[in-house]
Amino acid sequence: MPLLCLADFQAHARERLSKSTWDYIEGGADDGFTRDDNIAAFKKIRLRPRYLKDVSKVDMRTTIQGEQISAPICIAPTGFHCLAWPDGEMSTARAARAADVCYITSTYASCSLEDIVAAAPEGLRWYQLYVQPNRQLNKQLIQKVESLGFKALVITVDVPKIGNRRYNVMDLKKSLLLKNLGSPEKGNSAPYLQMTPIDSAICWDDLSWFQSLTRLPIILKGILTKEDAELAVKHNVQGIIVSNHGGRQLDDVPASIDALMEVVAAVKGKIEVYVDGGVRTGNDVLKALALGAKCIFLGRPILWGLAYKGEHGVEEVLNILKNEFHTSMTLTGCRSVAEINRDLIQFSRL
């Protein structure tokens, strides 16, 4: 039976994956309120379609950091893709290239960066960095991804420590190995994330050091407030991903789509703003763009697609969402992404 929507992929993945893997992928911080609110918040937004417009041709293409993508639907950084499919991130990279969208590779990838690049050498890739206490390791990673052709550095800022996530870490350790966080001297692989603590001392003033290491645009992932958005502009970064880490870090923070408006207003168009968290339909994509996002990034649904059929499952997830988004644009009277604006939406009083 064909899978028709992203919820179908979720149901299939739940049946196929082990309990420990499923709990790891789906888990949220504490009671999971923010994880669930990411999805529920989209349902509080209503569309205001405009008709009698020539929508015989609808163009979903857009650009991020100057690079063209086929639609504003890209792949967020998630770790350990080998949990969902043997080829892991190599399959994800191939699917992203086939769909002509951007794939943000995680620090905690289960395939080596070299193998991921070799799997889809022409693909548009950004690299997500969890800042390590070892400065030399950060420098090594950044120089490596720049030399391998990654087009942006995405620094995750919302993990000074791992949130209270409720899943069995011990079960996962047996099958996980990091390929990209070995000792700079020895070049060996590091077992699981417990062996690579994230630097909790990083602060705004450290951004200049990262900027001195690379010519890549720097994107900050995890911004939720206007105050931090204004500081991001002040510190000359090139973009923000509005994100609450899929509800996996601090529970009871705003849904990403709700925080998006505040961040977009604060940056005043000076840098690009993206969003992840809770996108499940083409209407959700349209709503995010109407509220000022340049594009959305998908997290868990990509892993569901991998669990279904590897790279072809990820392609199906992306194509379903692209087709739904095309329909949403057509039915609201938007012939191009540039025509999607705040007038298309209103907030439900429910």
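Remarks
- At a Cβ-Cβ separation cutoff of 4.7 angstrom, cysteine residues of the chain with no neighbouring cysteine are CYS5, CYS82, CYS111, CYS203, CYS295, CYS334.
- Contour excess over end-to-end distance, with Cα ends at ASN323 and ILE198 and 0.36 nm allotted per residue: 41.2 nm
- Highest mobility in the GNM of the chain, judged by mean-square fluctuation with C-alpha springs under 10 Å and restricted to SER147, SER106, SER56, is found for SER56.
- Each Cα pair of the range 1-131 feeds into the Kirkwood radius, which the Stokes-Einstein equation turns, at 20 °C and 1.002 mPa s, into a diffusion coefficient of 123 µm²/s.
- Within a Gaussian network of the chain (alpha carbon springs, distance under 10 Å), most fluctuating of ILE257, ILE162, ILE104: ILE162
- Principal-axis tilt of helix 256-267 within the chain, Cα atoms, nearest 10 degrees: 90
- Treating r as the C-beta distance of THR63 and GLU15 and R0 as 25 Å, the FRET efficiency rounds to 0.05.
- Separation of the alpha carbons by more than 31 angstrom is noted, of LYS43/LYS226; LYS270/LYS322; LYS44/LYS221; LYS161/LYS322; LYS19/LYS139, for LYS161/LYS322; LYS19/LYS139.
- Enclosed volume per residue, in Å³, of the convex hull spanned by Cα atoms of the range 221-350: 132
- Per-residue [θ]222 nm for the chain (sum of -39500 (n - 2.57) over DSSP H runs n ≥ 4, rounded to 500): -11500 deg cm²/dmol
- Near CYS102, the amide H atoms lying under 5 Å from its own belong to ILE75; only residues 5 or more places off or on other chains count, and H is placed 1.01 Å from N.
- With respect to the chain, whose longest principal axis is taken over its alpha-carbon atoms, helix 300-332 is tilted by about 30°.
- Loop-located trypsin sites (Lys or Arg not before Pro) in the range 1-83 (DSSP state other than H, G, I, E, B) with a sparse environment of at most 11 neighbouring Cβ atoms within 10 Å: LYS57.
- Average accessible surface area per residue within the range 274-350, 1.4 Å rolling probe, Å²: 34
- Counting only aspartates and glutamates at least 8 places from LYS57 when in the same chain, those with an alpha carbon closer than 14 Å to its own are GLU339.
- For the range 208-280, the alpha-carbon coordinates run over 35, 24, 21 Å along the three principal axes, in decreasing order.
- Nearest-ten-degree value, helix 89-99 long axis tilted from longest Cα axis of the chain: 30
- Comparing PHE80, PHE325, PHE210 in a Gaussian network model of the chain where C-alpha atoms under 10 Å apart are linked, the largest mean-square fluctuation is found at PHE210.
- Based on the Stokes-Einstein relation at 10 °C and a viscosity of 1.306 mPa s, and on the Kirkwood radius from alpha carbon pairs, the chain is assigned a translational diffusion coefficient of 78 µm²/s.
The values are calculated or read from the model by the stated rules, or taken from the named source; none is laboratory data. Bear in mind the structure is a predicted one, so any value in this text is a computation, not a measurement. Don't worry about glycine lacking a Cβ; one is built from the backbone with ideal geometry, like all the others, and counts go over all protein chains shown. Side chains are part of the model used for accessible areas, which takes the heavy atoms of the whole protein and leaves out ligands, DNA and RNA. Shrake-Rupley method; radii C 1.70, N 1.55, O 1.52, S 1.80 Å.
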